[in-house]
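Novice: Got a structure here, written out as structure tokens. Questions coming.
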Amino acid sequence: MNVRKGTEVARGKTKILYESLDDARQLVVRQGDAITAGDGARRDVIVGKGRLAALTTSRIFRLLNKRGLPTHYLGGGEDEDENEMLVLRCEMIPLEVVVRGVVAGSFAKRNPDLRRGATLSPRVVEFFLKDDEHHDPMISREDIVARGIATQQEIERMEGLALETFGVLEDAWRRRDVLLVDLKVEFGRSGERREVLLADVIDNDSWRIWPHGREEEMLDKQIYRNLEQRNEEALGRVKRAYEEVAAAVADFD
Ligand code: C5P
């Protein structure tokens, strides 16, 4: 990708956003080698993870664009560059939108009466406020509107797009006999019309995936969250899972 990067405009736990010197409406997203959990309380570096994350994200956004879903992705991330993709500049909506098709994670904790691994039908959509200091608390739709974070109409749009995204990715994984358990996406507003777009990244940190529907075969970031010892061997296992996922996603079409 041949984009001239300007100054850094924002930095997340695993990525850096730069201005594009060629077009003020665009940004460059560079994914790095950090892996974090527990709102940054746990952090390691896995050399090559940024490359795998960029490959995964760009392929997923390409697929979503192809299916007609509005995303911020414009290009890049796939070639031997510096793990950079070009995106539309957005005003980010500070929410994590989680879709769940299967009982797991924090949902299982909050609903101890439900069996872990049970199918959720219809799927559940939950909103969490992006706020590391307060551990990304869950937030109701009413509170989102009351606090001026998003309008009712935007909430409905995010919910619809998150469910559609889940459907596309669930299908793609199902064809490889992998169960998409849950998925986190984020949205931004773009352009004068403030159109709601799928933004941020969607990679192996964003979902839970269970090959053959078996939790013990998981390939996603939960492997890292669960590590008791973060030594070289353990982080090597995490990296191999990310490699496997990037290779599988490369065939998504
Ligand atoms: O932990 P919880 O069950 O609420 O996570 C739901 C989904 O959202 C999982 O796929 C997890 O990987 C993802 N997630 C995330 N970023 C967070 C919290 C959760 O991508 N900060």
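Novice: Roughly to the nearest percent, how much of the accessible area of the chain is carbon and sulfur, given a 1.4 Å probe?
Specialist: Result for the chain: 46 percent of the exposed heavy-atom area is carbon or sulfur.
Novice: Tell me, what is the per residue accessible area of the stretch 5-90 in Å², probe radius 1.4 Å?
Specialist: Spelled out: the 1.4 Å probe surface of the stretch 5-90, per residue, equals 44 Å².
Novice: Using +1 at the Cβ of each Lys and Arg and -1 at the Cβ of each Asp and Glu in the chain, identify which of VAL97, ALA234, LEU69 lies farthest towards the dipole's positive end.
Specialist: Toward the positive end, the furthest listed residue is VAL97.
Novice: About the Cα centre of the chain, what is the dipole size in debye to 20, counting +1 per Lys and Arg Cβ and -1 per Asp and Glu Cβ, all else neutral?
Specialist: 300 debye
Novice: Over the Cα atoms of the chain, each weighted equally, I'd like the Debye log10 I(q)/I(0) at q = 0.07 Å⁻¹, rounded to two decimals.
Specialist: -0.22
Novice: Just how many pairs of Lys in the chain have C-alpha atoms closer than 22 Å, counting pairs that are eight or more places apart or on different chains?
Specialist: Lysine pairs meeting both conditions in the chain amount to 25.
Novice: What FRET efficiency comes out for LYS109 versus VAL9 if R0 is 30 angstrom and r is the Cβ-Cβ distance? Round to the nearest 0.05.
Specialist: 0.25
Novice: Between VAL178 and residues 5 or more places away or on another chain, which pairs have amide H atoms under 5 Å apart, with H built 1.01 Å from N, and which residues are they?
Specialist: HN-HN under 5 Å from VAL178: HIS212.
Novice: Quote the convex hull volume per residue of the stretch 1-147, based on C-alpha atoms, as a whole number of Å³.
Specialist: Values: hull volume 23.7 nm³, N = 147.
Value for the stretch 1-147: 161 Å³ per residue.
Novice: In addition: With a 1.4 Å probe and every protein chain left in place, work out the accessible area per residue of the stretch 138-210 in Å², rounded to a whole number.
Specialist: For the stretch 138-210, the solvent-accessible area averages 44 Å² per residue.
Novice: Taking the Cα centre of the stretch 92-229 as origin, work out the dipole magnitude from +1 charges on Lys and Arg Cβ and -1 charges on Asp and Glu Cβ, in debye rounded to 20.
Specialist: 360 debye
Novice: Report the gain in length on full extension from MET1 to ARG175: 0.36 nm times residue separation, minus Cα-Cα distance, nm rounded to one decimal.
Specialist: Details: separation 174, 0.36 × 174 = 62.64 nm, distance 3.10 nm.
That pair, MET1 and ARG175, stretches by 59.5 nm at full extension.
Novice: Please tell me the relative contact order of the chain in percent, rounded to the nearest whole number, where contacts are Cα pairs under 8 Å and at least six residues apart. Walk me through the numbers on the way to the answer.
Specialist: Values: 465 pairs, mean separation 45.2, N = 253.
For the chain, the relative contact order is 18 percent.
Novice: Report the full-extension gain for the segment ASN226 to ARG67: residue separation times 0.36 nm, less the Cα-Cα distance, to one decimal in nm. Don't skip to the end; give the middle numbers.
Specialist: Working: separation 159, 0.36 × 159 = 57.24 nm, distance 3.40 nm.
Extra length from ASN226 to ARG67 when fully extended: 53.8 nm.
Novice: Obtain the radius of gyration and the Kirkwood radius of the stretch 5-90 from its C-alpha atoms and give Rg over Rh.
Specialist: Working: Rg = 13.2 Å, Rh = 13.4 Å.
In the stretch 5-90, Rg relative to Rh is 0.98.
Novice: For the chain, with the dipole built from +1 on Lys and Arg beta-carbon atoms and -1 on Asp and Glu ones, taken about the Cα centre, which of GLY48, ALA199, GLN222 lies farthest toward the positive end?
Specialist: Going by the charge dipole, the pick is GLN222.
Novice: Averaging the inverse of every distinct alpha carbon separation and then flipping it gives the Kirkwood radius. What is it for the stretch 92-229, in angstrom units?
Specialist: Every distinct Cα pair counted, the radius reaches 15.8 Å.
Novice: Give me the distance in nm between label points sitting 7 Å out from Cα along the Cα-to-Cβ direction at ALA41 and VAL124, one decimal.
Specialist: Reported label-point gap for ALA41 and VAL124 is 2.2 nm.
The values are calculated or read from the model by the stated rules, or taken from the named source; none is laboratory data. The structure presented is a predicted model; accordingly, all values stated were derived computationally and were not measured. With ideal geometry, Cβ positions are generated from the backbone for all residues, glycine too; neighbour counts draw on all protein chains shown. The protein model used for the area step is the full one, side chains on, heavy atoms only, and it has no ligands, DNA or RNA in it. Shrake-Rupley method; radii C 1.70, N 1.55, O 1.52, S 1.80 Å.
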